[in-house]
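Have a look at the structure below before the remarks.
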Amino acid sequence: MQKVYFDHNATTAIDKKVLGVMMPYMEMQQGNPTSQHSFGRHARTAIEEAREQVALAIHAHPSEVIFTSGGTEANNMIVHGAAIKQRESTLVRSNIEHPCVARPNGGDEASRLATGIIKCQ
Ligand SMILES: Cc1ncc(COP(=O)(O)O)c(C=O)c1O
């Protein structure tokens, strides 16, 4: 029986073109972009170029593009950011959110999120 993968929402195979562009960084250009040495500076340049490419593609300013390690980190950042910015407001979410939105890690701000649940049917 042939198996079919239906969970690309959770994780998916890397596109071959992306893999080709990333391989040098995975194999030998392993500099930390916050390091001052040439390996780090090279990585920093590559990240800033990528940031500009993404910004151009989505009509944003490069300063508005933030790279994260994945969905949980990104969602936590948004929830905490919204909670801090809207201190006097009620935060709402639906009842079908991923756990990283429904129960974000840490912070008192995040606990306010449960106060205004929108029910999806
Ligand atoms: C809708 C949704 N949000 C967030 C996440 C969490 O993403 P990550 O595993 O990259 O932290 C997932 C992962 O399956 C997801 O499906």
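The values are calculated or read from the model by the stated rules, or taken from the named source; none is laboratory data. This is a predicted model, so every value here is computed, not measured. FYI the Cβ positions are ideal-geometry reconstructions off the backbone, even for glycines, and counts take in every protein chain you see. The protein model used for the area step is the full one, side chains on, heavy atoms only, and it has no ligands, DNA or RNA in it. Shrake-Rupley method; radii C 1.70, N 1.55, O 1.52, S 1.80 Å.
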Across the stretch 93-105, which residue is farthest from residue 120 (Cα to Cα) among those that are part of a loop (DSSP other than H, G, I, E, B) and open to solvent by 50 Å² or more (accessible area, probe 1.4 Å)?
-> 105
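So, residue 42, is that one open to solvent by 60 Å² or more (accessible area, probe 1.4 Å), in a loop (DSSP other than H, G, I, E, B) and more than 16 Å from the ligand (Cβ to nearest atom) or not? Give the steps one after another, and end with the answer.
Details: open to solvent by 60 Å² or more (accessible area, probe 1.4 Å): yes; in a loop (DSSP other than H, G, I, E, B): no; more than 16 Å from the ligand (Cβ to nearest atom): yes.
When the stated conditions are applied, residue 42 does not pass them.
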Applying the selection to the stretch 58-87, what residues are more than 10 Å from the ligand (Cβ to nearest atom) and open to solvent by less than 50 Å² (accessible area, probe 1.4 Å)?
-> 60, 62, 65, 79, 80, 81, 82, 83
Quick one: residue 24 ticks every box in (1) open to solvent by less than 80 Å² (accessible area, probe 1.4 Å); (2) part of a loop (DSSP other than H, G, I, E, B); (3) farther than 30 Å from residue 91 by Cβ except a single one, so which number is it?
-> (2)
Of (1) more than 16 Å from the ligand (Cβ to nearest atom); (2) loosely packed, with under 13 Cβ neighbours inside 10 Å; (3) polar (S, T, N, Q); (4) modelled with pLDDT of 90 or more, residue 90 satisfies every one except (4)
Selection status of residue 55, of a type in the set (Gly, Ala, Ser), modelled with pLDDT of 95 or more, assigned to a helix (DSSP H, G or I) and closer than 21 Å to residue 22 by Cα = yes
Please give the number of the condition residue 61 fails out of (1) modelled with pLDDT of 85 or more; (2) touching a His at 6+ places or on another chain (Cβ under 9 Å).
-> (2)
